[in-house]
Structures are given as structure tokens and as C-alpha cells.
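Participant: One structure, as C-alpha cells, below. Some questions next.
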Amino acid sequence: MASALRRLFIGGNWKSNNTLAQTKDLVENTLNKIKFDQNKVEVVVAPVALHIPYVTGALQKSIQVSAQNTSATGFGAFTGELAPQHVKDFGLKWTILGHSERRSLFHETDDIVATKTRNALDNGLDVIFCIGESLQQRESNKTLDVVSTQLNALKGKLTPEDYNRIVVAYEPVWAIGTGKTASPEQAEEVHNFIRGHLAKEVSKNVADAIRIIYGGSVTEKNAVDLFKQQNIDGFLVGGAALKPGFTQIVDAAKSRN
């Protein structure tokens, strides 16, 4: 399938940032002024959980809202957890799972992330599934091994049809919040590998259709160059999603043929 047939995807992960006043300013003065072709690009933002009610009410309806994380559990005695049933019941469609900060800071293993993914899908959510290697792993030439292992954790838990509800976000850990970014060619190399891996391990149809997005210090300055790569179908944006430059990142989708 030609890349032009995959609808582009731009996500904004706000992480644990913003007062409510800052979130209101971001919504009113940046996000609600963004214009884009919904047939060509899907835009999703992930606020702090406490701000989700405000954002869903105030944000233009062409931009969707995601949770930043959901649990491996459901309703019940799980203090502090946000179950996918809660997120779905509130009217949201998306959750981010497997982000490197969840893996490294909160010790979520590949199996835990895969279990969370299965739980989210079973309860009606689509998933932004994050994978990526550390600086040490890249310097040891283990990048492809790492992303293969992270993807393979899904194999025993998902059917081929389930992949229709997943966006894979490749985020090299060494390029998150560091100001460093993989070159467009480096990112494309891994994205191309991911697509080939899915073709081999799941199916060619899944590999052709799935959206593989890049995260790692994406800004308005490098978005157009990244979009020139055939297998980069969008971005999961961190810090730049909190700034007016997010508008230019969304606009960069227009450069994609």
C-alpha cells in the first residue's frame, strides 16, 4: 500500500505538565486556531488526566483527546489506577501505552505493556503503542533487536485485526526531551524495519496499513524533513505540543504528497 493511502497521525503528549490556566491558554490560543484536513491527518492530544474534562469540552471537535496511560486492570480495588473502561465511558477513543517513561521510570515490562494493550482494546480503546531503544542500546547496535522484542510482546495477545486499532510510535529514548533527534534517515531506517518486521511476523496487509509515527524532539523545524520519509506517517510530539509551534507541526502534514 502506498504511504499516501495511510491517514497521517499527529499526537501531542503533554506528559505531567501545565496548570489548568496554562492548559486553557494552550487550547484557546493555539489548538482551537489550528486548521487541517481531517481526511488527510488525524490530530490527537493527551492532557493530564485531571484536565481531560476541560479539554474535551473546550477543544475544537476536529482534534481528539487521549489518555496518557491506562491500567492493566478494570473497575475495582485498584487505588490510583485509570481503567480503560473509565476512559471509554468518558467518550475518549485513545490511550498511549508503553511510553519509554512508563517503561523506565515505572518499570513496565514488555509483557505488562502488551497486557495493557489487550485490556485497552478489549474495552473499546485504540492504542498509541510506543517502542524505542536507549542510547546504550543504540550504541551497542541493538536498536532492531529492542524494537523487535517490544513488538513481539504483542503477538501472543493480538489478532491481525487488532492491529487496525493500533498506531506504533517509534521513540528513540535518547532523543526524547534531549534536544537531539534521530536524523530523518535514521528514523526512516527503523520505521522501514518495523514495517518489514510486521509483514513477516503478522501479515503484509497489517504492515502496509499500520501507521508508524516518530517521536523524539519533533519540532516545527524538523517536521517537514521527517515527513519526506516514506514510512514516517506522523509524530508523537512531546514538549513542542505545549507550544504555539505545534500549529506548524500539524501544518507540516500538507507537505506530504
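What follows is calculated from the coordinates using simple rules that are stated; it is not laboratory data. Values in this document were obtained by computation on a predicted structure and should not be read as measured data. Glycine gets a Cβ as well: all are built from the backbone with ideal geometry, and neighbour counts include every protein chain shown.
Participant: Only counting other Cβ atoms within 10 Å, I'd like Leu97, Leu20, Leu242 sorted with the fewest neighbours first.
Facilitator: Leu20, Leu242, Leu97
Participant: With labels modelled as points extended 7 Å from the Cα through the Cβ direction, what inter-label distance (nm, one decimal) is found for Lys221 paired with Asp111?
Facilitator: Computed distance between label sites Lys221 and Asp111 equals 4.4 nm.
Participant: How much length is gained if the chain between Thr73 and Thr19 is pulled fully straight, taking 0.36 nm per residue apart and subtracting their Cα-Cα distance, in nm to one decimal? Mind dumping the intermediate values first?
Facilitator: On the way: separation 54, 0.36 × 54 = 19.44 nm, distance 2.85 nm.
In short, 16.6 nm is gained.
Participant: On to the next question. Quick one: Cα centre-to-centre distance for the range 32-69 and the range 132-166, in angstrom?
Facilitator: Using only Cα atoms, the two centres lie 27 Å from each other.
Participant: Something else now. Go ahead and run the numbers for FRET between Ser203 and Gln38, Cβ-Cβ distance against an R0 of 25 Å, rounding to 0.05. Walk me through the numbers on the way to the answer.
Facilitator: Details: r = 28 Å, r/R0 = 1.11.
Efficiency for this residue pair is about 0.35.
Participant: So how far apart, in nm, are the two label points at Thr56 and Lys254 if each is 7 Å from Cα heading toward Cβ?
Facilitator: 3.2
Participant: Considering Cα pairs under 8 angstrom that are at least six residues apart, work out the relative contact order of the chain and quote it in whole percent.
Facilitator: Rounded, it is 21 percent for the chain.
Participant: Run down the lysines and flag those whose C-alpha is under 29 Å from the C-alpha of Lys155, throwing out any fewer than 8 positions away in its chain.
Facilitator: Straight-line reach from Lys155, under 29 Å: Lys15, Lys88, Lys93, Lys116, Lys142, Lys200, Lys204.
Participant: Could you pull out the longest piece of the chain with no exposed loop chymotrypsin sites (Phe, Trp or Tyr not before Pro) in it, calling a site exposed if DSSP puts it outside H, G, I, E, B and it has at most 15 other Cβ atoms within 10 Å?
Facilitator: Free of exposed loop sites, the longest segment is 107-257.
Participant: Please list, in chain and number order, the residues 5+ apart from Ala169 or on another chain whose amide H is under 5 Å from its amide H, with Hs placed from the backbone.
Facilitator: Phe129, Cys130, Ile131, Ile213
Participant: Let me ask another. Taking neighbour Cβ counts within 10 Å as the exposure measure, how do Thr19, Thr30 sort from fewest upward?
Facilitator: Sorted ascending by nearby Cβ count, the order is Thr19, Thr30.
Participant: So for the chain, taking the charge dipole from beta-carbon charges (+1 Lys/Arg, -1 Asp/Glu), which of Ala153, Ser66, Phe193 sits furthest toward the positive end?
Facilitator: Highest projection toward the positive end goes to Ser66.
Participant: Of Ile176, Ile10, how do they rank once you tally other Cβ atoms within 10 Å and put the fewest first?
Facilitator: Neighbour counts put them in this order, fewest first: Ile176, Ile10.
Participant: Let me know the shape class of the chain, please: from the alpha-carbon gyration tensor, a ≥ b ≥ c as square roots of the eigenvalues, rounded when a/c is under 1.5, otherwise prolate if a/b is greater than b/c, or oblate.
Facilitator: Since a/c stays below 1.5, the shape of the chain is classed as rounded.
Participant: Which distance in Å, rounded to a whole number, links the C-alpha centroids of the range 94-113 and the range 169-237?
Facilitator: 18
Participant: Using 7 Å Cα-to-Cβ label points, what is the Asn164/Asp122 separation (nm, one decimal)?
Facilitator: 2.1
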